[in-house]
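Worksheet: the structure to be examined is printed underneath.
The values are calculated or read from the model by the stated rules, or taken from the named source; none is laboratory data. Treat the numbers as computed from the prediction; the structure is a model and nothing was measured. All Cβ positions, even for glycine, are placed from backbone atoms using ideal geometry, and neighbour counts span all protein chains on display. Each accessible area value is taken on the protein alone, full model and side chains, heavy atoms only, with ligands, DNA and RNA left out. Shrake-Rupley method; radii C 1.70, N 1.55, O 1.52, S 1.80 Å.
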Amino acid sequence: QVQLVESGGDLVQPGGSLRLSCVASGFTFSRKAMMWYRQAPGKERELVASITESGSVTYYEESVKGRFTISRDNAKNTLYLQMSRLTLEDTAVYYCKAPNIPFWGQGTQVIVSS
């Protein structure tokens with residue numbers, strides 16, 4: 001049974017930082033590229049960042065380049081998203097996702113507000 005459990009979301013001021021985590025189970029984590037998506041209120045879910053199986057190659061959506069860092073610990077079956085210099089536009093529910101696995105976790109809420 002696939003499980004993706006996101007955590008680390010919080011209320012943070014603009015310019016602040018957060019680290020999101022996603023613990024995966026039910027599939028061979030180390031053999032899957034992984035992705036972070038987010039869905040802001042009233043908007044469609046969008047891809048934020050992705051990382052290859054080994055962690056050697058990453059991709060970032062333009063608006064988060066230089067501010068977010070995706071990483072993974074295959075020994076812990078855990079995906080991370082380090083977010084810094086947060087802006088109001090980063091407010092969203094953040095989800096981790098494995099490609100070709102039709103399952104979404106519950107997400108973790110990030111609210112950037114002064």
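Of the residues in region 29-51, how many are within 9 Å of Ala92 (Cβ to Cβ) and aliphatic (A, V, I, L, M)?
2
Would you check which residues across region 79-97 are crowded, with 18+ Cβ neighbours inside 10 Å and either in contact with a Ser or Thr (Cβ under 6 Å, 6 or more places away or on another chain) or in a strand (DSSP E or B) (or both) and list them?
Leu79, Tyr80, Leu81, Met83, Ala92, Val93, Tyr94, Tyr95, Cys96, Lys97
Looking only at region 1-39, which residues are aliphatic (A, V, I, L, M), over 15 Å from Ile111 (Cβ atoms) and buried (at least 16 other Cβ atoms within 10 Å of the Cβ)?
Leu4, Val23, Ala24, Ala33, Met34, Met35
Somewhere in region 60-77, is a residue open to solvent by 40 Å² or more (accessible area, probe 1.4 Å) and in contact (Cβ under 8 Å) with a residue 60 or more places away in the chain?
no
Only one of (1) at pLDDT 95 or above; (2) in contact with a strand residue (DSSP E or B) (Cβ under 6 Å, 6 or more places away or on another chain); (3) small (Gly, Ala, Ser) is not met by Ser63, so which one is it?
(2)
Go through region 40-50 and give me each residue that's open to solvent by less than 50 Å² (accessible area, probe 1.4 Å), within 13 Å of Cys96 (Cβ to Cβ) and in contact (Cβ under 8 Å) with a residue 24 or more places away in the chain.
Val48, Ala49
Please state which of the following conditions Gly55 fails to meet, knowing it meets all the rest: (1) more than 18 Å from Val110 (Cα to Cα); (2) at pLDDT 95 or above.
Condition (2) is where Gly55 drops out.
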